[in-house]
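Scroll down for the structure; my scribbles are underneath it.
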2 protein chains.
Amino acid sequence: MNLAVTDVRLTPILVADPPLLNTQGVHQPYTPRLIVEVVTAEGATGLGETYGDTKYLGLARLFADKLLGHQVTDVNALFTIADEVAVDQSVVSGQVDVGGLRGVQTADKLRLSVVSAFEVACLDALGKALGLPVHALLGGKVRDAVEYSAYLFYKWADHPEGVPAEKDDWGAALDPAGVVEQARKFKERYGFTSFKLKGGVFPPDEEIAAVRALAEAFPGHPLRLDPNGAWSVATSLKVAKELADVLEYLEDPALGTPAMAEVAAGTTVPLATNMCVTTFAEIKEAFAKDAVQVVLSDHHYWGGLRNTQQLAAVCRTFGVGVSMHSNTHLGISLAAMTQVASTVPGLHHACDSHYPWQSEDVLTERLVFDGGRVTVSDAPGLGVELDRERLALLHRRWLDDDGTLRDRDDAAAMRVADPQWRTPSVPRW
Amino acid sequence: MNLAVTDVRLTPILVADPPLLNTQGVHQPYTPRLIVEVVTAEGATGLGETYGDTKYLGLARLFADKLLGHQVTDVNALFTIADEVAVDQSVVSGQVDVGGLRGVQTADKLRLSVVSAFEVACLDALGKALGLPVHALLGGKVRDAVEYSAYLFYKWADHPEGVPAEKDDWGAALDPAGVVEQARKFKERYGFTSFKLKGGVFPPDEEIAAVRALAEAFPGHPLRLDPNGAWSVATSLKVAKELADVLEYLEDPALGTPAMAEVAAGTTVPLATNMCVTTFAEIKEAFAKDAVQVVLSDHHYWGGLRNTQQLAAVCRTFGVGVSMHSNTHLGISLAAMTQVASTVPGLHHACDSHYPWQSEDVLTERLVFDGGRVTVSDAPGLGVELDRERLALLHRRWLDDDGTLRDRDDAAAMRVADPQWRTPSVPRW
């Protein structure tokens, strides 16, 4: 069996994204993603997906050249390849990634986000070549379905007038009633029983009211609130106190490990994060300070599925919970998330996924949430198939773009509606 | 491809062991090991090896029954099987395992030592079925050879007179000159350039003298001393001070995490352990107290090769070094150790192996140390083959034994020479 990589295809695309609000602005009408295909000598094609912004794309192109001739079994060595690829530090922005909301951005994080797409693609190709599902390449599943949570957003009904965009049928959600209505739709359509509200958009009292409304409408359902570090320690503690009886956890109320540690010390509500613990290097300090009780893994920025398993092992060892973070992503990544989540023991929280917000995908068949769960595929590889026509269409959109949408910038998207808008300084409240 | 387990064979054996001394006594002339064979529906046979003492064997038999019908890909689920197997707590002895010198013994450790043999056997079978080396099933090797250290022992020339035993050609080593002579042989025969002396046998000053003699005979070579927790904190600090200029690390000078932390706080010599950190549950306290700087992994008691990778990830995350511990073992385990070690990034210390002490093996071809290294096999599975005649012979020895040797007991073996001998209380010095 020849498992050498003989071809790598990178296809940047723009996918429709609804006008979802967060503390930094609003989602663009189209979000860049990068679809990676890795082809072996015998024609097995593996799929991966990651951030599509220019700096990721540039690095992925350098990486792809080095992957030719590499064995798809050798996923540990992908990090060595990444080390060899010169990361142009200048493409990495300063402190906080404007669009990504994923904490301090470094060259290493960028590098790992690129590696992850190639790792997933290699595992998919290997699984297809061997006739084994990806989970079998990760030691085998320990559950047959993975639970996801409804990812609620404050949302406009439409993108600003005059902006080319796809229409969605979710309507607006700008107050407690709107949020509850959105949650109802999520439950009806997908069966989710956990709800996460992306906060940091309105003054904390309004968001507290929204979570209260959810608690009343869905008694006993796990609830989460995530303002992306928009609050001060004092505000975080106030919110935690007011919502202590209904929150499963509070996600990134304040920015940075010291602030999170202060909040954690003052509340019984568990704190979750995808901002202060986003790399292995950030774990030691955060765990020593007991700053977080749940780490939200994300195979994109932790460097792939095997690293996600290792992160889970680290968390398990230290008695810290683990769940899964999500950014705008398509079905390839949802399949990858489901495969790896199926192998992690003690996954006590439903995982996040933006997937329901993505009306467009590059697969021949969309993945399905049933009772809030995605069934773990036992088909070879990730168990998904690329729709080349769809891919070409979304790539055409990327080609036709003049550059404005090729780098996700939620603040810029907000300025279309509000020319005075600037990325708020933190803490915002 | 049918990867279901259709047969499991367990073969307890007794293998020749030289009269190696440690703080608890002396190795028996024959040591029990258990050889595990896992056979798939299509005839792929995987090999594993673990402790052969009665309590391990009893648990392995219960485990083997549950493995029938299990997919060899599903190694994560082996822990679930282990949970289902009722562990008779009464078979687990009290505090310190007399023979194993592996710290506090618990039902969980026993369980994991059994799981490890089945995990390795499953991975070997899977690799053979797929035509892939085990390292490829672990994400691929990141090095082509694994470095081992010479494992020096104080040693009698022969087992006590009148005791049935195999003869070895290593001679006695009971003083600095004898230890240096043994080290020379190790270097000549296998090319090792790191040396570890098993201590805790003679008063510390004699062992200090032996390490000093090694440092003079082999300048610049990494040296280690391991008294298996035989010393008090004060003695440990004294030894560390006197050998600070020549030790790569000091291994388990004192018993238990609090004592190790005290020693660590008082010396610049790194401390290694296979006694106070032997399970994931023991990591948090030891790392928080900075009690150990190098964890000596052992796939047998950490529960297999995947768990060994996860342990390495935990250590890497916390800036703690990792290397490999060894108890009396045969070629199957050396092959497994080499496969997993080849996949671990940042393996900065040569691994331990008893293998040179084992003149007997169950393989058709012995593994070879060249320049102190074992080449990582790229053959399917572990890359080793069972010699059924040898296996039958060593099993016959086990069958013929009246029970005295079926449970390793270094103190009992010592009483043959010294009827007054009792397991020394700790700290011994």
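Measuring from a point 7 Å out along Cα→Cβ, what nm distances, shortest first, does residue B:222 have to its partners in the other copies?
Ordered by distance, the counterparts are at 4.2 nm.
If you take every DSSP beta bridge fully contained in the range A:139-375, what fraction is antiparallel? Give it as a percent rounded to 5. Before the final figure, lay out the partial values.
Numbers: 6 of 26 bridges.
Rounded to the nearest five, the antiparallel share is 25 percent.
Near residue B:55, which lysines are there with a Cα under 24 Å away, not counting those fewer than 8 places off in the same chain?
B:66, B:109
Going by the alpha-carbon gyration tensor, a ≥ b ≥ c the square roots of its eigenvalues, is the range A:139-375 rounded (a/c under 1.5) or, if a/c is not under 1.5, prolate (a/b greater than b/c) versus oblate?
On the way: a/c = 1.61, a/b = 1.07, b/c = 1.51.
Oblate.
Can you pull out the buried accessible area for chains B and A, both sides counted, probe 1.4 Å, rounded to the nearest 100 Å²? All intermediate terms of the calculation are to be shown ahead of the outcome.
On the way: alone 15610 and 15550 Å², together 28850 Å².
Accessible area lost upon association: around 2300 Å².
Using a label position 7 Å from Cα in the Cα→Cβ direction, what is the ascending list of nm distances from residue B:68 to the same site in the other copies?
5.4
Could you pull out every residue, at least 5 positions away or on a different chain, whose amide H is within less than 5 Å of the one on residue B:225? Hs are placed 1.01 Å off N in the peptide plane, and Pro or chain starts have none.
Result for residue B:225 returns B:197, B:249, B:251.
For the range B:131-234, what is the convex hull volume of its Cα atoms per residue in Å³?
On the way: hull volume 20.2 nm³, N = 104.
So the per-residue Cα hull volume is 194 Å³.
Please figure out what share of the DSSP beta bridges in the protein assembly as shown is antiparallel and state it in percent, rounded to the nearest 5. Don't skip to the end; give the middle numbers.
On the way: 60 of 102 bridges.
Within the protein assembly as shown, antiparallel bridges account for around 60 percent of the total.
Please express the shape of the protein assembly as shown as an equivalent ellipsoid: the semi-axes are the square roots of 5 times the eigenvalues of the C-alpha gyration tensor, given largest first in whole angstrom.
Values: eigenvalues 561, 166, 117 Å².
Semi-axes, largest first: 53, 29, 24 Å.
Which of the residue pairs A:128/A:198; A:289/B:289; A:167/A:187; A:141/B:284 have a Cα-Cα distance greater than 25 Å in the structure shown?
Working: A:128/A:198 37 Å; A:289/B:289 14 Å; A:167/A:187 21 Å; A:141/B:284 27 Å.
Among A:128/A:198; A:289/B:289; A:167/A:187; A:141/B:284, the Cα-Cα distance tops 25 Å for A:128/A:198; A:141/B:284.
Using a 1.4 angstrom probe, figure out how much accessible area the protein assembly as shown has per residue, in square angstrom, rounded to the nearest whole.
Numbers: 28850 Å² over 858 residues.
Here the residues of the protein assembly as shown average 34 Å² of exposed surface.
To one decimal in nm, how far is residue B:419 from the same spot in the other copies, if labels go 7 Å from Cα toward Cβ? Please give the shortest first.
With the label placed 7 Å along Cα→Cβ, residue B:419 yields 10.5 nm.
Computed over the Cα atoms, what is the radius of gyration of the range B:352-429 divided by 2.2 N^0.38 Å, N being its residue count?
Details: Rg = 18.0 Å, N = 78, 2.2 N^0.38 = 11.5 Å.
The reported ratio for this selection is 1.56.
For chain A, what is the mean residue ellipticity at 222 nm derived from helices alone (per DSSP H run of n ≥ 4: -39500 (n - 2.57); sum divided by total residues; nearest 500 deg cm²/dmol)? Walk me through the intermediate numbers first.
Working: 14 runs with 153 residues, N = 429.
That comes out to -11000 deg cm²/dmol.
Two decimals is fine: what is log10 I(q)/I(0) at q = 0.12 Å⁻¹ for chain A, from a Debye sum with one equal scatterer on every Cα and no solvent?
-0.96
The values are calculated or read from the model by the stated rules, or taken from the named source; none is laboratory data. Please read all numbers here as calculations on a predicted model, not as lab measurements. Glycine also receives a Cβ, built like all others from the backbone with ideal geometry; neighbour counts cover every protein chain displayed. Keep in mind that these areas ignore ligands, DNA and RNA; they rest on the heavy atoms of the full protein, side chains included. Shrake-Rupley method; radii C 1.70, N 1.55, O 1.52, S 1.80 Å.
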